[in-house]
Amino acid sequence: MSTAATSMARDQIEISQAFRLVGRPEDALNALISPGDDFVEFYMLRGELQLELGRVHEAAGSFFTLVTDEPRNASAQYNLGICFYRLGRWTEASQAFEKALDIDSSRDDARLGLGDCLLRMERAESALNHFENCMSKAARPKGLFGKAVSLQLLGRFDEAEATYDGFLEFEPNSEEALSNLVAMNIQAGRHELARGHALRLLEISPDSTAAHKCLAAVALHQDEFETVVRHCGRIIERVPGCREAWQNLRFASGRVMSTLTPDSGRK
């Protein structure tokens, strides 16, 4: 490539980076025309911009081009994994994350991505191993969450409970973690634990359907029918088509009405 062509190729990358810095990703992408001698930087930048713009298929093409030429590029393999992940292609995503880890075993971001893919592929035991190996400070909270979900899916509820508690120390207002705790403890028949988590979830999100369903279920188990009516009413306000809430509401309302003493004989 001539000196002039090399300079032009370099200029387009610098122009693209300048557009990106000022929040103009579309213009930044349009500035990239030909890779020239800056093959790696060109395709890495183009793929990142395409991801930012939600053009995931195109981004996958850019990163695939890059890893085909440079299979030992850990960042490109990781980004290709992100593309496949966002496309719901768990097997291809897990393979790309594995390759990134093979190149650089310190990449906890790839380890987290791989663990998540394995969970979606119903391989909780393998996922657990990867989450437990997330050692960096930055990855610790997500690693704990992934570990807790893995343990929950494996039916190791006591360990999952303790691990969710550890995660909640980092993110005390995590609705997802509290919802999982609610569902897990209802499944395990630990109603008081479920109730405690549901009440905590309601403090964060007063309209949480998961919390109201839990509290209705616990109240139904304890024959507290007025409480069932109250929580089922809140669920139906948010999800009018919830058959379970309607069924429980009708049943609990009937039991409440049956306890009322008729006053027709009073004068």
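Every number in this text was worked out from the coordinates using simple rules, so none of it is lab data. None of these values were measured; they are calculated from a predicted model. Cβ placement follows ideal geometry from the backbone for every residue including glycine, while neighbour counts extend to all protein chains displayed.
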So how much slack lies between residue 257 and residue 132, counting 0.36 nm per residue of separation and subtracting their Cα-Cα distance, in nm?
-> 39.7 nm
Relative contact order %, the chain, counting alpha carbon pairs below 8 Å whose residues are six or more apart = 7
Over the Cα atoms of region 64-123, what is the Rg over Rh ratio if Rh follows Kirkwood?
-> 0.95
Report, to the nearest 10°, how far helix 225-238 tilts away from the longest principal axis of the Cα atoms in the chain, using its own Cα long axis and a range of 0 to 90°.
-> 30
Measure nothing fancy, just the Cα-based angle from helix 175-187's long axis to the longest principal axis of the chain, in degrees from 0 to 90, nearest 10.
-> 50
Added length on full extension, which subtracts the Cα-Cα distance from 0.36 nm per residue, residue 162 to residue 14 = 48.3 nm
Ranked by Cβ crowding within 10 angstrom, fewest neighbours first, how are 106, 75, 258 ordered?
-> 258, 106, 75
Calculate the length of the line joining the C-alpha centroid of region 107-152 to that of region 181-208, in whole Å.
-> 24
Looking at region 102-175, which trypsin sites (Lys or Arg not before Pro) are in a loop (DSSP not H, G, I, E or B) and have at most 10 other Cβ atoms within 10 Å?
-> 137
Subtracting the Cα-Cα distance from 0.36 nm times the residue separation, let me have the gained length for residue 26 to residue 230 in nm, one decimal.
-> 68.4 nm
Determine the distance separating the Cα centre of region 51-79 from the Cα centre of region 31-49; give it in Å without decimals.
-> 11
Computed magnitude of the charge dipole of the chain (debye, nearest 20; Cβ of K, R +1, Cβ of D, E -1) | 1200
Using θ = phi - 60° and the Karplus relation 6.51 cos²θ - 1.76 cosθ + 1.60, list the HN-Hα couplings for region 19-33 in order, rounded to whole Hz, with x at every Gly or Pro.
-> 4, 5, 5, 9, x, 10, x, 5, 5, 4, 5, 5, 6, 8, 10
Measuring from label point to label point, each 7 Å out along Cα→Cβ, what is the residue 86 to residue 173 span in nm?
-> 2.7
Per the Kirkwood formula over distinct C-alpha pairs, the hydrodynamic radius of the chain in angstrom is 22.2
State the percent of C-alpha pairs, over all pairs in region 13-66, separated by a distance greater than 19 angstrom.
-> 17
Tell me what the chain gives for mean residue ellipticity at 222 nm when only DSSP H runs of n ≥ 4 count, each as -39,500 (n - 2.57), the sum divided by the residue total, rounded to 500 deg cm²/dmol.
-> -24000 deg cm²/dmol
